[in-house]
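Notes to accompany the following structure.
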Amino acid sequence: MSTQIKPNTDSEKKASAAPNIVWFEIPADQVERAKQFYSALFGWKIEKFPGMADYWHIDTGGSDETPDGGLIKRQQPQHGITNYVGVPSVDQFAEKVQKLGGKICMPKTAVPQMGYFAVCQDTENNTLALWERNEGAK
């Protein structure tokens with residue numbers, strides 16, 4: 001008796017996909033200087049993010065699987081680059097962060113009609129963020 005393997009559908013692939021970087025944020029002391037640097041270096045398009053006062057969208061120009069990012073005014077001297085990792089549940093992964101010795105710096109927060117995020121710190125004091133896509137976020 002032979003068994004036929006059925007390929008996963010796109011929705012099955014997305015549901016079972018491993019967490020990966022889906023967005024990044026670069027802090028800058030002088031936003032205009034950083035915009036010029038990254039635009040000249042990589043050819044990235046950096047434009048004001050609609051509806052957000054001090055946030056710029058970085059379009060890396062890659063395929064849909066290539067993460068874009070944000071440019072933000074540096075909040076504190078130690079403010080470094082933050083990578084956003086796509087996860088199926090911010091709540092579950094935030095709990096996991098804490099169980100593994102990490103910390104929650106900013107609890108689950110909604111980005112209306114886009115999803116939820118939480119900012120965390122790993123055991124080495126590095127910042128990372130969890131991102132859960134959810135168009136019903138309020």
**Asked** If you take the residues of the range 26-42 that are surrounded by 11 or more Cβ atoms within 10 Å (Cβ to Cβ) and among the aliphatic types (A, V, I, L, M), which of them is farthest from V111 (Cα to Cα)?
**Response** A34
**Request:** Using the structure shown, decide if K99 is in contact with a strand residue (DSSP E or B) (Cβ under 8 Å, 6 or more places away or on another chain) and among the charged types (D, E, K, R).
**Result:** no
**Fill in**
Subset of the range 63-89, residues farther than 19 Å from A53 by Cα, more than 12 Å from the chain's Cα centre (by Cα) and either open to solvent by less than 60 Å² (accessible area, probe 1.4 Å) or free of Cβ contacts under 8 Å to residues at least 40 places away in the same chain (or both), comes to S63, D64, E65, P77, Q78, G80, S89
**Prompt:** Could you count how many residues in the range 90-105 are more than 15 Å from V22 (Cα to Cα), among the aliphatic types (A, V, I, L, M) and open to solvent by less than 50 Å² (accessible area, probe 1.4 Å)?
**Reply:** 2
**Message:** Can you pull out every residue in the range 106-125 that is open to solvent by 80 Å² or more (accessible area, probe 1.4 Å) and either of a type outside the set (A, V, I, L, M, F, W, C) or over 15 Å from the mean Cα position of the chain (by Cα) (or both)?
**Reply:** P107, K108, P112, Q113, T123, E124, N125
**Fill in**
Across the range 31-76, the tally of residues that are of a type in the set (A, V, I, L, M), modelled with pLDDT of 95 or more and assigned to a loop (DSSP other than H, G, I, E, B) stands at 0
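Does K45 satisfy being under 19 Å from I21 (Cα atoms), open to solvent by 50 Å² or more (accessible area, probe 1.4 Å) and of a type outside the set (G, A, S)?
Values: under 19 Å from I21 (Cα atoms): no; open to solvent by 50 Å² or more (accessible area, probe 1.4 Å): yes; of a type outside the set (G, A, S): yes.
Here the answer is no, as K45 does not meet what is asked.
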**Prompt:** When S16 is evaluated against the numbered criteria (1) open to solvent by less than 90 Å² (accessible area, probe 1.4 Å); (2) within 26 Å of D122 (Cα to Cα); (3) modelled with pLDDT of 90 or more, which criterion, by number, is the only one it fails?
**Reply:** (3)
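The values are calculated or read from the model by the stated rules, or taken from the named source; none is laboratory data. Computed from a predicted model, the values in this text were never measured in an experiment. Heads up, the Cβs are rebuilt from the backbone with ideal geometry, glycines too, and the neighbour counts pull from every protein chain shown. SASA here: full protein model, heavy atoms, side chains in, ligands and nucleic acids out. Shrake-Rupley method; radii C 1.70, N 1.55, O 1.52, S 1.80 Å.
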